[in-house]
Amino acid sequence: MTEPTHQVRLEWQSRFLLPRCTCGWIGTARLTEADAREEARDHALLYAGDEVIDLVGLDPAEPGPAE
């Protein structure tokens, strides 16, 4: 598995969390971790292209290939 191009991390700045990506993108400062994580996830998914599986994994609720 290759390393995803968009690796987002959360950084504390004072009382705010900033989502930051390896591509240079910096998200909006958020007060709650849940909001910052959601924005980071959305950015990674939006720009992942073919690498989406690397980011979210396989959904166990999805049926497998037809046999």
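None of the figures in this text is laboratory data; all of them are computed from the coordinates on show. All figures in this text were calculated on a predicted structure; none of them were measured in a lab. Positions of Cβ are backbone-derived with ideal geometry, glycine not excepted, and every protein chain shown enters the neighbour counts.
Averaging sequence separations of C-alpha pairs under 8 Å and six or more residues apart, then dividing by the length of the stretch 8-51, give the relative contact order as a whole percent. Let's see the in-between values first.
On the way: 57 pairs, mean separation 14.2, N = 44.
With pairs under 8 Å counted, the relative contact order is 32 percent.
Suppose each label sits 7 Å from its Cα in the direction of the beta carbon; what would the Glu33-Thr5 distance come out to in nanometres?
Result: 3.0 nm between the two label points.
Give the Rg/Rh ratio for the stretch 8-51, taking Rg as the radius of gyration of the Cα atoms and Rh as the Kirkwood radius, to two decimals. Please report the intermediate quantities before stating the final value.
Numbers: Rg = 10.2 Å, Rh = 10.4 Å.
Rg/Rh: 0.99.
With a point put 7 Å past each Cα toward its Cβ, work out how far Cys23 is from Leu45 in nm, to one decimal.
The two pseudo-label positions are separated by 1.5 nm.
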